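Colleague: To start, I am sharing the structure in question, which I have written as C-alpha cells.
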Amino acid sequence: MQRACAAALIRRGETLLQNPGHSADDKAAVSVIEALGATVQQKGDQLLISSKGLYANGSLLVHCGESGLGMRMFTPIAACLHHPVTVEGSGSLRSRPMQFFNEVLPSLGVMVNTTDGKLPIRVQGPLVPTTIRIDGKLSSQFLTGLLFAYSAVGASQVTIEVDGLVSKPYIDLTLSVMRSFALPCPENHSYQRFYFSDPSKNTQQSIAGPGLSEKEDVIAARLEYASDPLSFWVESDWSSASFFLVAGALAGPIRLQGLAIQSCQADRAMLQALDAAGVSHAIDAKGIIVHPSSVEPFQFDATDCPDLFPPLVALAAYAKGDTHIRGAHRLAHKESDRALTLKNEFAKMGVLIEQEDDCLIVRGKGIVSGAVVSSCNDHRIAMALAVAALRAEGTTEIRGAEAIKKSYPDFFADLSMLGASLSLPDLNH
C-alpha cells in the first residue's frame with residue numbers, strides 16, 4: 001500500500017487503488033503524498049489518486065507516523081524538491097537511527113539536517129542522481145526510497161551499488177510496483193547493482209505548468225501524462241496473514257482468502273516455516289487452509305523476513321524442543337527491541353527464549369500459560385501474544401493492545417469473528 005502511494009505520487013495521471021489498506025501506516029502514507037502534491041479521494045472502497053508529480057510552493061512538513069518504511073522511503077523522494085521538506089514521525093520512529101541520510105544524500109546534492117542522527121530530518125534538493133555505493137545491511141527500505149527518488153527525477157546512465165543487501169524480496173516488491181506503474185525502473189544485477197538506463201526516456205525534468213509561479217516547482221520523470229486512470233490492486237499483506245496462519249495451526253482450522261500465492265512479498269516464507277514445523281496446510285482455489293497440528297521444533301532463517309519473528313515465536317512456543325530462528329540482528333530497530341521484548345513477554349507465559357549470536361532459540365515445552373503481558377507499543381508483539389494465547393492454559397491480558405492499529409486495526413475483530421473468546425475494551429484509549 002505504501003509503495004503504491006509513492007508510485008502514484010511519482011506517476012503523472014490518475015491512479016485507482018483497489019483493496020487499499022486503512023491502517024495507521026497506510027493513512028500516514030496517504031497524508032505524505034497529499035503533502036507532496038497529490039490529491040486523494042475516497043471512491044467507495046477504492047482510492048483515486050491524482051498527481052502531476054511532486055509539487056511544492058514553499059517549505060513543507062510531512063509526517064510519517066510510526067512507519068519506518070514511510071520515513072525511509074519518502075525522505076529521498078521529498079529530497080527531489082527544490083524547497084526544504086521536514087520529515088517528522090512519532091513514537092519509536094523518533095529513536096531510530098537516520099545516519100544513512102547524513103551519509104548518502106549530501107553526495108546527491110541534497111542538504112540534510114537531522115536531530116543528532118534522528119528525527120526530525122530536514123532535506124532540501126533537488127536530488128541529483130549519480131552513481132553511488134550504499135550499505136544495505138541495516139534495511140532494504142533505504143534502497144527502496146532511493147530507487148523511487150531516482151525514478152522520480154528520471155535518472156539515466158547511473159548505478160546504485162549496494163553492499164550486503166538484506167531483505168531482497170522487499171526490493172523485488174519495490175521493482176514490481178515500479179513496473180506496474182510504468183515508472184523508470186533500473187536493471188537489477190544480482191542485488192549488487194541497480195542500473196538506470198535509457199536516457200531518451202528518463203531525462204530529469206522540472207515541469208512549469210500553467211499557473212505555476214517561479215516559487216513553485218513540480219518534479220517528475222519525463223513521462224507522458226496519462227489520460228486514463230491506472231488501476232492497481234493492492235496485495236493483501238502476508239505479514240499480517242502470518243499471525244492467522246499460526247492461529248490455524250494452534251486453534252484452527254482456518255481458511256485465509258485473498259492472498260497472492262505467488263507474491264514476491266518476503267513474508268510469504270511463512271508457508272515454508274509451517275512446513276518446517278510439520279503444520280498441516282493446503283492451498284486450493286479458495287485460499288489457504290491450516291489445520292490444528294502438533295508443532296515440531298524447527299529451524300528457520302528469517303534474515304530476509306524479520307517481521308516473521310513474532311509469529312514464529314508464537315508457533316515455536318508450542319513445540320516440544322528447541323526451535324532456532326536466525327536473523328536476530330534485524331530486530332533491534334523495530335517498534336521495540338523485538339528480541340528483548342519477545343524474550344521478556346513470552347517468559348511471562350512460561351516460554352524460555354535465549355539469544356546466541358544471531359539466533360533466537362525458543363525452548364518450547366508444548367505448554368503455554370496465560371499471563372498479564374505487554375505489547376511494549378509494538379503491533380506485531382501484540383498480535384503474537386494474542387495468537388499464543390489461543391491455546392494457552394488460562395486467560396491472557398495484553399496491555400497496550402491498541403498498538404495493532406499501526407498495521408492491522410481489524411486484527412482483534414477478525415480474531416473474534418473466527419470464534420476466539422475476547423474481551424475488547426476501547427482500543428482507542
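Colleague: Which value results when the Cα radius of gyration for the chain is divided by 2.2 N^0.38 Å?
Modeller: Values: Rg = 22.0 Å, N = 429, 2.2 N^0.38 = 22.0 Å.
Ratio of Cα Rg to 2.2 N^0.38 Å: 1.00.
Colleague: Another question, if that's okay. Could you work out the local net charge near G350, counting Lys and Arg as +1, Asp and Glu as -1, over the other residues with Cβ closer than 10 Å to its Cβ?
Modeller: On the way: positive: K348, K365; negative: E393.
Neighbour charge sum, excluding G350 itself: +1.
Colleague: State the antiparallel share, in %, of DSSP beta bridges confined to the chain, rounding to the nearest 5. Display every interim value, and only then the final one.
Modeller: Values: 49 of 68 bridges.
Around 70 percent antiparallel, to the nearest 5.
Colleague: Cut-off 10 angstrom, C-alpha nodes, Gaussian network model of the chain. Which of V112, V372, V290 fluctuates the most?
Modeller: Taking springs between Cα atoms under 10 Å, the residue moving most is V372.
Colleague: How many Lys pairs in region 238-417 lie less than 21 angstrom apart by Cα atoms, where the lysines are 8 or more positions apart or on different chains? Spell out each step's value before the answer.
Modeller: On the way: K320/K343; K320/K348; K320/K365; K334/K343; K334/K405; K334/K406; K343/K365; K348/K365.
Number of lysine pairs found: 8.
Colleague: Mind listing the phi-derived Karplus ³J(HN,Hα) values for region 172-181, rounded to whole Hz, using 6.51, -1.76 and 1.60 with θ = phi - 60°, and x for any glycine or proline?
Modeller: 4, 5, 4, 5, 4, 5, 4, 5, 4, 8
Colleague: When a footprinting reagent is the concern and you count Cβ atoms within 10 Å, what order do D26, D357, D275 take, fewest first? Intermediate results must be reported in sequence, preceding the final value.
Modeller: Numbers: D26 24, D357 7, D275 13.
The fewest-first ordering by Cβ neighbours comes to D357, D275, D26.
Colleague: Normalised by the number of residues in the chain, what is the relative contact order in percent for Cα pairs under 8 Å and 6+ residues apart? Don't skip to the answer; put the middle values down first.
Modeller: On the way: 980 pairs, mean separation 53.9, N = 429.
Result for the chain is 13 percent.
Colleague: Would you mind telling me the antiparallel percentage of the DSSP bridges in region 238-417, rounded to 5? Before the final figure, lay out the partial values.
Modeller: On the way: 19 of 26 bridges.
Approximately 75 percent, going by the DSSP bridge assignments.
Colleague: Going by average Cβ density within 10 Å per residue, which order do the peptides 363-370, 246-253 take, highest to lowest? Provide the component values of the computation, followed by the final result.
Modeller: Working: 363-370: 16.1, 246-253: 23.9.
Descending mean neighbour count gives 246-253, 363-370.
Colleague: Also, quick follow-up: Neighbouring Cβ atoms within 10 Å as the yardstick, rank T396, T130 fewest first.
Modeller: Details: T396 19, T130 13.
Ordered by Cβ neighbours within 10 Å, fewest first: T130, T396.
Colleague: Quick check on the exposure proxy: order V153, V158, V295 from fewest to most C-beta atoms within 10 angstrom. Each step should come with its number before you reach the end.
Modeller: Details: V153 29, V158 18, V295 24.
Fewest-to-most ranking of V153, V158, V295: V158, V295, V153.
Colleague: Shifting gears a bit: Would you mind estimating how fast region 1-77 diffuses translationally, via Stokes-Einstein at 4 °C and 1.567 mPa s with the Kirkwood radius over Cα pairs, in µm²/s? Numbers along the way, then the final one.
Modeller: Values: Rh = 12.3 Å.
My calculation gives 105 µm²/s for D.
Colleague: Per-residue HN-Hα couplings for region 109-126, Karplus 6.51 cos²θ - 1.76 cosθ + 1.60 at θ = phi - 60°, whole Hz, x for Gly and Pro?
Modeller: 3J(HN,Hα) across region 109-126, in whole Hz: x, 9, 7, 10, 9, 10, 9, 6, x, 9, 5, x, 10, 10, 10, 9, x, x.
Colleague: Peptides 47-54, 382-389: what's the order by average Cβ count within 10 Å, highest mean first?
Modeller: Values: 47-54: 22.1, 382-389: 28.5.
Final packing ranking: 382-389, 47-54.
Colleague: Can you work out the Karplus-derived ³J(HN,Hα) for every residue in region 337-354? Use 6.51 cos²θ - 1.76 cosθ + 1.60 with θ = phi - 60°, whole Hz, and x for glycine or proline.
Modeller: Result, ordered by residue: 6, 5, 4, 5, 5, 4, 4, 5, 6, 6, 4, 5, 9, x, 10, 8, 10, 10 Hz.
Colleague: Let me ask something additional. Per residue Cα convex hull volume for region 285-423, in cubic angstrom? Provide the component values of the computation, followed by the final result.
Modeller: Details: hull volume 16.4 nm³, N = 139.
That works out to 118 Å³ per residue.
Colleague: Divide by every residue of the chain the summed helix terms, -39500 (n - 2.57) for each DSSP H run of at least 4, and state the resulting mean residue ellipticity at 222 nm, rounded to the nearest 500 deg cm²/dmol.
Modeller: On the way: 12 runs with 120 residues, N = 429.
-8000 deg cm²/dmol, from helical runs alone.
Colleague: Angle, helix 68-78 long axis vs. longest principal axis of the chain, Cα atoms, 0 to 90°, nearest 10?
Modeller: Helix 68-78 sits roughly 0 degrees off the main axis of the chain.
All of the numbers you see were taken from the coordinates with simple rules; none came from a lab. Because the structure is predicted, anything quoted here is derived from the model rather than measured. Using ideal geometry, Cβ is built from the backbone for each residue, glycine included, and neighbour counts are taken over all protein chains shown.
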